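K.L.:
Take a look at the following structure, please.
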């Protein structure tokens, strides 16, 4: 067996059911061959910075 690589992935969503979108993304990673998800952080909600006015809040889940 070859040695793998470590990746730290941050995900975010500001559309629709943000937490469900992030959960689906994590599940897709878990279903990917040769990928092991060690841990998943809790959700963080942030306010938008820059860009057009009145953007929705963003949910972020560093993985």
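K.L.:
So, in the range 48-63, of the ones that are within 16 Å of the chain's Cα centre (by Cα) and either part of a strand (DSSP E or B) or modelled with pLDDT of 75 or more (or both), which residue ends up surrounded by the fewest Cβ atoms within 10 Å (Cβ to Cβ)?
P.N.:
62
K.L.:
Let me ask something additional. Considering 19, 24, which residue is surrounded by 11 or more Cβ atoms within 10 Å (Cβ to Cβ), in contact (Cβ under 8 Å) with a residue 40 or more places away in the chain and in a helix (DSSP H, G or I)?
P.N.:
It is 19.
The values are calculated or read from the model by the stated rules, or taken from the named source; none is laboratory data. Just so we're clear, the structure is a prediction, and the values are computed from it rather than from any experiment. As a convention, Cβ positions derive from the backbone with ideal geometry for all residues, glycine included, and neighbour counts pool all protein chains shown.
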